[in-house]
1. Roughly how many debye, to the nearest 20, is the charge dipole of region A:16-308 about its Cα centre, given +1 on each Lys and Arg Cβ, -1 on each Asp and Glu Cβ, and no other charges?
2. Under the classification rounded if a/c is under 1.5, otherwise prolate if a/b is larger than b/c and oblate if not, where does region A:14-61 fall, given a ≥ b ≥ c as square roots of the Cα gyration tensor eigenvalues?
3. Averaged over every viewing direction, what's the projected area of the C-alpha convex hull for region A:16-308? Give it in nm², one decimal, please.
4. Can you give the calculated 222 nm mean residue ellipticity of the protein assembly as shown, where each DSSP H run of n ≥ 4 adds -39,500 (n - 2.57) and the sum is split over every residue, rounded to the nearest 500 deg cm²/dmol?
5. Counting other beta carbons within 10 Å of each Cβ, put A:13, B:127 in order, fewest first.
6. Out of residues 5 or more away from residue A:108 or on other chains, whose amide H comes under 5 Å of its own, with H placed 1.01 Å from N in the peptide plane?
7. Take every DSSP beta bridge whose two residues both sit in region A:16-308, then give the antiparallel share in percent to the nearest 5.
8. Would you order A:253, A:133 from fewest to most other beta-carbon atoms within 10 Å of each residue's own beta-carbon?
Amino acid sequence: MAFDMPTERWSGKLNTVTIGAGTRTSTVTVGGASTLPFLRFEGERPNPPVVAMEVLDEPLDDMPPALAAELGDVVGDPAAWAKKCVESFGADLICLRFAGANPEGKDKSPEDCKAVLQSVLQAVGVPLIIWGCGNYEKDNNLIPVLSQAAAGERCVLASAVQDNYKTIAACSLADGHLVIGEAPLDIQIQKQVNILLSDMGVSPDNIIMYQTTGGLGYGVEYAYSIMERTRLAALSGDKMMSMPMIAVVGSECWKTKEARLSEEVAPEWGDAGVRGPLWEATTATMFLHGGTDILVMWHPQAVAQVKKTIAELSGEGA
Amino acid sequence: MIVIGERINGMFKDMKAAIPAQDKATVQDLARRQLAAGARVLDVNVGPTSDDPVSAMKWLVETIREVTDCPLAIDSTKADAIRAGIGLAGPNSMLNSSPGDEAKLDLYMPLAAEFGCDIIALTIDEKGIPRDANGRMEIAMRIVERAMLNGVDLERIYIDPVIIPCNVPDAGHHPGEVLETIRQVKLISDPPPKTTLGLSNVSQGTSERHLINRTYLVMCLAAGLDSAIVDPLDTELMNAVTTAELLMNQSVYCDDFLRANRP
């Protein structure tokens, strides 16, 4: 007897968002899906998920050896780091995070950060995500400088939160960038942030949603549920929940002891050079199933594995 | 809830004047305002304004089509006016409505099949409006049977259990019977037909029309009503719908839910 695959009819569809313009030599388009992730028998997903590799303006003090070995001597030179991510590891975008601007850390000036941004813009042609330091006051001084330095490049500015969104919204409008709306694993706050940004004049087509996530073993199930619920709301026609989603995987995974501990300390956990990337790839794969459109990742082996998974699940070469 | 905007109807004062005068601006303004307020479908009814309902219906549909491609519910008791309206309205239109007696169903179901449109069918027949839910369900089953015989997709059927004004003597039980019908219709078939309600009738001739309308609409939504023919320009009514949908977990809460979740 022939088997009829039961399918759901959805009334909504995800917004389609294109990142990159101006001097960028490539652009990235995400969103547009009319069904849950990878249900190819049920609907369309014209734009498969993409991988952004993260570059830090200042290297970590305690870079895990498994990561340091793979990235090599480019860590410490953001432009060279970004170039290697694109040319050697196939990054679709670069996520440039200005952790060094944080007043509790190196407290780098907006002008110093601007020079870093300009060097990265010159080094690579892929679109950029520009992520502030997370300190509201500092970001409100930093983001306008960075936004202006990249005017017309259609970058993604991060991140707007419920208590601090006006400056970043104004920057996106003035300089033609997209905005990441962030929520602390809370679907209601995510929706409210999207409304607040819309009220400021940011088109829903220029917003990407970010729920703070953890690494595998650290509450990812809850993040997955939130992502799934968000996607179901979008497919049911909720226009304020129809933006593509981004997940920050690399930095979260490499905080976990499971990814970091060396085999000398934890011999029963096996080779740290395999374990760390696997931890990151597994976390990323789970978020893919939750509906993430952009993954921000660190380890090149994890990136390669996840890109292969995306291709297979999207039906390429099947 | 699928909101069917009721305001383009010759029974209303502004439309009673606009239709014979061929006043396009009034019609188009009402179409735009209802859509902006959350209507997904616009009801189109020439009312008692014209000796030539076919021409009046054609003029109304063409006038509305100049400003929107939204689905139209072509509302008439005259089959030729319905046919003319649906022909012009195009795909996704609704036929509003067929009574539930066999003769009328055998007239309108083939028309719905021919145009591939949705159809509203009333639980009323040659004997009138049934007293209780059982009587309404008998007619609902007849509606589903005639739909299947005529090849009309059951998801295109909207059953209207017909509410009568709550101030009609000895009719106080009707609102409860309609609620029960809304619940039971969902058990008829798989997929079940949808339900709709010409809401404003419940408050006809009463002193607190808006309050009665929105209170009863929320009760019907809780019973599973899919759609209603209402005045979307009644802000309090639309706020009640938005809030009811939120409380039934059909939408995601946020502090600005009244704006964000407008149907």
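Just so it is clear, none of the values below were taken in a lab; they were calculated from the coordinates. This structure is a prediction, so every number in the text was calculated from the model and none was measured. Neighbour counts are summed over all protein chains in view; Cβ atoms, including those assigned to glycine, are modelled from backbone coordinates with ideal geometry.
1. 780
2. Since a/c reaches 1.5 but b/c is at least a/b, the shape of region A:14-61 is classed as oblate.
3. The Cα convex hull of region A:16-308, projected and averaged over all directions, gives 14.2 nm².
4. Helix contribution divided over all residues of the protein assembly as shown: -13000 deg cm²/dmol.
5. B:127, A:13
6. A:101, A:102
7. Antiparallel bridges make up about 15 percent of those DSSP assigns within region A:16-308.
8. The fewest-first ordering by Cβ neighbours comes to A:133, A:253.
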